[in-house]
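Below you'll find the structure, written out as structure tokens, and then a few comments.
The values are calculated or read from the model by the stated rules, or taken from the named source; none is laboratory data. Since the structure is predicted, the reported quantities are computational estimates derived from the model, not experimental observations. Heads up, the Cβs are rebuilt from the backbone with ideal geometry, glycines too, and the neighbour counts pull from every protein chain shown. Side chains included, ligands, DNA and RNA excluded: accessible areas come from the protein's heavy atoms. Shrake-Rupley method; radii C 1.70, N 1.55, O 1.52, S 1.80 Å.
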Amino acid sequence: MYWFAKTLENPAIARTEESVLAASLATGKKFHIDRYDPFFRLWHPAAIPDTSTPPPFSWFGRGENPIVFLRTSWDPATAVYLGIKAGTPSASHGHMDSGSFVLDAAGLRWAADPHSRNYNELESAGVNYWSRSQNSDRWKVWETGPFSHNTLTIAGQLHNATGHCKVTGFTENPANVVLD
């Protein structure tokens with residue numbers, strides 16, 4: 001987050017991260033940075049400028065697997081947050097989850113995305129996890145196939161392993177996203 005604040009020249013992003021750090025210290029929980037510690041120290045600013053400019057309520061990340069984030073406010077108790085993913089299952093470490101989303105409202109997660117299992121665990125069980133062909137074992141794994149994600153499937157069929165879902169529309173105000 002500190003890197004984003006510096007790169008986007010928006011100190012409000014770093015201020016949001018500082019509030020997470022302060023909350024963890026106030027509760028006595030250890031703020032665990034682990035392998036990112038060098039980056040934390042490299043990008044953490046000496047002082048977080050006080051600014052009244054809040055981070056944006058929407059963001060569109062373009063790339064092979066585009067993602068869009070939309071929110072109604074920065075107050076977790078009242079905000080509605082939507083994160084949605086487009087893209088292709090054939091990308092590196094890809095899942096058949098184009099069109100999937102997470103949704104938070106009133107401080108609760110209403111729609112979630114499954115966590116992945118350890119690759120070694122799957123390979124040890126004889127799963128050919130690295131093939132991305134249409135009928136690969138990879139898509140039969142619950143977490144990487146389409147059936148565990150918040151996305152559409154038709155007649156119980158797998159998504160097209162070489163297909164590509166695109167973000168065809170995005171507006172910030174009013175917040176709107178269209179996938180195809």
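Name every residue in region 130-165 that is closer than 25 Å to Asn120 by Cα and of a type in the set (A, V, I, L, M, F, W, C), in order of residue number. Selection gives Trp130, Trp139, Val141, Trp142, Phe147, Leu158, Ala161. Restricting attention to region 143-167, and to residues there that are of a type in the set (Val, Ile, Thr) and without any contact (Cβ under 8 Å) to a residue 40 or more places away in the chain, which single residue is surrounded by the fewest Cβ atoms within 10 Å (Cβ to Cβ)? Out of the qualifying residues, it is Ile154.
Would you confirm, using the coordinates I've provided, whether Ser98 is at pLDDT 90 or above, touching a helix residue (DSSP H, G or I) at 6+ places or on another chain (Cβ under 7 Å) and open to solvent by 10 Å² or more (accessible area, probe 1.4 Å)? Working first, answer last.
On the way: at pLDDT 90 or above: yes; touching a helix residue (DSSP H, G or I) at 6+ places or on another chain (Cβ under 7 Å): no; open to solvent by 10 Å² or more (accessible area, probe 1.4 Å): yes.
Here the answer is no, as Ser98 does not meet what is asked.
Meeting the requirement of 2 or more residues that are in contact (Cβ under 8 Å) with a residue 12 or more places away in the chain, the strands (runs of 3 or more DSSP E) wholly within region 77-126 are 80-85, 101-105. Filtering region 142-160 to residues that are on the phi < 0 side of the Ramachandran plot and out of contact with any Phe, Trp or Tyr (no Cβ under 7 Å at 6 or more places or on another chain) leaves Trp142, Glu143, Thr144, Pro146, Phe147, His149, Thr151, Leu152, Ile154, Gln157, His159, Asn160.
Suppose we filter Glu9, Glu64 for residues that are open to solvent by 60 Å² or more (accessible area, probe 1.4 Å), modelled with pLDDT of 85 or more and more than 21 Å from Trp110 (Cα to Cα); which single one remains? I'd like the intermediate steps shown before the answer.
Numbers: Glu9 fails: modelled with pLDDT of 85 or more.
Checking each option against the conditions leaves just Glu64.
The number of residues in region 127-142 being open to solvent by less than 80 Å² (accessible area, probe 1.4 Å) and either in contact with a helix residue (DSSP H, G or I) (Cβ under 7 Å, 6 or more places away or on another chain) or part of a loop (DSSP other than H, G, I, E, B) (or both) comes to 7.
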